Structure formats: structure tokens, C-alpha cells
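Written below as C-alpha cells is the structure these notes are about.
The values are calculated or read from the model by the stated rules, or taken from the named source; none is laboratory data. All of these numbers come straight from a predicted model, not from anything done at the bench. Every residue, glycine among them, receives a Cβ derived from its backbone with ideal geometry; neighbour counts consider all protein chains shown.
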Amino acid sequence: MRLRSIYTDRIASRLMVIMLIAILCMPLVIAAGLFYKASPLLSSSSLWELIAGSAWAPTRGVFGFRPFIAGSLYVTLFAFLFASPVCLLAALYLTQFARARLVKILHPVIDILAGLPSVIYGVWGILVVVPLISFLAEDWFGVQTTGYSILAGGVVLAVMCIPYMLNMLIEVFRTVPAGLKEAALSVGATHWETVKHIVIRKSLPGIFSAFGLSIAKAFGETIAVMMVVGNSIGFSLNPLQPGYPLPALIANNYGEMLSIPMYDAALMFAALLLLVIILVINLVFRFIIYRTQLR
């Protein structure tokens, strides 16, 4: 029986190691597959021409991805600016100030919002956000716009990110030891001073981690953003103008790629760009977390 237990333990441990290696290799396998499919485009055009070019004419073999990269970054920036302060303050209130009964009521609501399909957020954006932006832009600034814009995409994306980011921040703040807060209160600190100097400072690595994961997730969202962003090739710093993020480019045009030469490779290159940008975002936030932990 003991020999059988030893063999069982060895098999289980090796199986777990194999599964871990498979998970670690998955991004490399995905990146290698995308690079292989995009290699015809990379062999016919330089990387700089593809990234910095703004012209998009698939029938003539011209592929410039700058408007799509800029559109993705701009929408994600607006989503982060809208969602991060709301989630940070809400998580602080729920974990440090609110009654336990309120937290119990809100948790299922947050989970329901997190589980809604993205198309529902897109429909909500079309019915509410787009008309509201069109009305406010004309009423406040005298600007005529359809409402399908970078701003609409940022608002919808922010609402989609709130449950995901909020759940992570709540768990981060709950990990702060109660003894640290009690020590601060015992030396005369107010409740808010304890939250500001103890809870937030102790939770900084977790806060940055939640922000980084949420941004990476938001960057790759497709359906909801595609429904409200306007999908117009070109880029403007005016948030009331439409944009065309990389995920929307892939989703909108994937069915047409068989009839146009190099279109397949171009869309695979767009997916590769998406993967690389998300990887860079995660690495940047990992560096910030590392530097924060050294303090």
C-alpha cells in the first residue's frame, strides 16, 4: 500500500507540473501561431510601415495599423479614467465604512454585472449612451454628432470593467491585517487617516495589479465597443469622433479575408499586435508593482 501511495503521489505531482508547463507555454504557442500566419505580410512590408502607416486599402495591399492601435489605446484610456476612481472609492467604502448587510446585498449585484454578456452592454450603449452623448454634445457644446464615438466606447467599456475591477479591489483591501488598522487608531489616527495611510499604502501593489489586469481585459473587449464606437477608419483626439479599435477590426472583417490577398495575414498581424500590447501593459504594471513593494 505504501509503494502504491508513493507512485500515486509521483504521478499526481508530475501531472500537475505538466499542466503548469502547458499553461505557461500557451501564450508562446498562441504568439507563434499568429506570427506564422502574419509572416506573409511581414515579409512584404516592414514592421514600421505597418505600425506607423495610416492608410488602409486592403484591395491594393496597403495596411496601416496606426489608426486602429490609437483607437484601442484611446478607448481603453477613457475606460480606465472613468472606472478606476469609481471602483477605488466604492471598494474603500464597502470594505472600510459600509455595514456588512450592505456588502452582502451588493455582492450578488456585482456578480450579476460581471456575468452579463458583452452584447447586452453594447445594446445598452446604443439605447442610452449614444443618444445621451449626441444630446449633450449638441446642448452643451453645439457640436453635431451621431453619438457613436470614442467617448461612447470608453463609457461602455468602463461600465463593463467596473464589476471586474471592483471585485479585485474589495479582495485586496480585505487582506490588510486588522492589527495594523487597530494600531493606527490606538495612537490617535482618525478612521480616514487610517484608511489613507495604512489601508491604501499597504494595498498599493494589489491596487496596481487590479488596475493592470482590468486595463488588459478592457483592451481586448470586442462586441460592446464595436457596437458603439463608430468603426470609422481614422483617428482624432476629439473623443466625440468615431474610432476603430483593433478587436473591432478583426471581428468586423474576418469573414472577408478569403477573397482579398494578404487580408488573412493582416488580420492575424492585428491579433498579434493586440497580444503584444496586452503583454506590454502587464509587464509595465508588474514593474510598477515590483517598485511599489520595494518601498
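Annotation note: of ILE18, ILE69, ILE6, the sole residue that is under 20 Å from the mean Cα position of the chain (by Cα) and of a type in the set (A, V, I, L, M, F, W, C) is ILE69.
What is the residue count in region 232-262 for residues that are assigned to a helix (DSSP H, G or I), under 20 Å from SER45 (Cβ atoms) and in contact with a Ser or Thr (Cβ under 8 Å, 6 or more places away or on another chain)? So the count comes out to 2. Would you be able to say whether some residue in region 136-145 is surrounded by 12 or more Cβ atoms within 10 Å (Cβ to Cβ), out of contact with any His (no Cβ under 9 Å at 6 or more places or on another chain), among the charged types (D, E, K, R) and modelled with pLDDT under 90? Checking region 136-145: at least one residue is surrounded by 12 or more Cβ atoms within 10 Å (Cβ to Cβ), out of contact with any His (no Cβ under 9 Å at 6 or more places or on another chain), among the charged types (D, E, K, R) and modelled with pLDDT under 90. Residue count for region 244-275, restricted to those that are touching a residue at least 40 places away in the same chain (Cβ under 8 Å), of a type in the set (A, V, I, L, M) and farther than 25 Å from TYR148 by Cβ: 6.
When ALA91 is tested against the conditions (1) farther than 26 Å from LEU240 by Cα; (2) under 16 Å from the mean Cα position of the chain (by Cα); (3) of a type outside the set (Phe, Trp, Tyr), the lone failure is (2).
Restricting to region 223-261, give me the number of residues that are touching a strand residue (DSSP E or B) at 6+ places or on another chain (Cβ under 7 Å) and of a type in the set (A, V, I, L, M). The total comes to 2. Here TYR244 meets the list (1) surrounded by 17 or more Cβ atoms within 10 Å (Cβ to Cβ); (2) of a type in the set (Phe, Trp, Tyr); (3) closer than 29 Å to ILE200 by Cβ almost entirely, failing just condition (3).
Taken over region 191-210, the residue count meeting the criterion of being under 10 Å from VAL172 (Cβ atoms), of a type in the set (S, T, N, Q) and assigned to a helix (DSSP H, G or I) is 1.
Of the residues making up region 56-93, those that are modelled with pLDDT under 90, surrounded by 14 or more Cβ atoms within 10 Å (Cβ to Cβ) and assigned to a helix (DSSP H, G or I) number 1.
Being out of contact with any helix residue (DSSP H, G or I) (no Cβ under 8 Å at 6 or more places or on another chain) and under 26 Å from GLY212 (Cα atoms): is that true of ALA100 here? Spelling it out, it is not the case that ALA100 is out of contact with any helix residue (DSSP H, G or I) (no Cβ under 8 Å at 6 or more places or on another chain) and under 26 Å from GLY212 (Cα atoms). Could you please find all residues in region 27-53 being under 18 Å from TYR263 (Cβ atoms), hydroxyl-bearing (Ser, Thr, Tyr) and surrounded by fewer than 18 Cβ atoms within 10 Å (Cβ to Cβ)? Within region 27-53, TYR36, SER39, SER43, SER44 meet the criteria.
Here LEU151 meets each of (1) under 26 Å from ALA218 (Cβ atoms); (2) surrounded by fewer than 13 Cβ atoms within 10 Å (Cβ to Cβ); (3) not β-branched (Val, Ile, Thr) with one exception, condition (2).
Could you please let me know if GLY234 is in contact (Cβ under 8 Å) with a residue 60 or more places away in the chain, surrounded by fewer than 20 Cβ atoms within 10 Å (Cβ to Cβ) and more than 30 Å from ARG291 (Cα to Cα)? It is true that GLY234 is in contact (Cβ under 8 Å) with a residue 60 or more places away in the chain, surrounded by fewer than 20 Cβ atoms within 10 Å (Cβ to Cβ) and more than 30 Å from ARG291 (Cα to Cα).
Of all the numbered requirements in (1) at pLDDT 85 or above; (2) surrounded by fewer than 17 Cβ atoms within 10 Å (Cβ to Cβ); (3) in a helix (DSSP H, G or I); (4) among the hydrophobic types (A, V, I, L, M, F, W, C), VAL156 misses one, and that requirement is (2).
Only residues that are under 29 Å from GLN241 (Cα atoms) and surrounded by fewer than 20 Cβ atoms within 10 Å (Cβ to Cβ) were counted in region 164-191, giving 1. Applying the condition of being in contact with a Ser or Thr (Cβ under 8 Å, 6 or more places away or on another chain) and at pLDDT 90 or above to region 94-135 and asking which residue is surrounded by the most Cβ atoms within 10 Å (Cβ to Cβ) yields VAL130.
Annotation for region 11-25: no member residue is closer than 29 Å to ALA266 by Cβ, exposed (fewer than 10 other Cβ atoms within 10 Å of the Cβ) and among the hydrophobic types (A, V, I, L, M, F, W, C).
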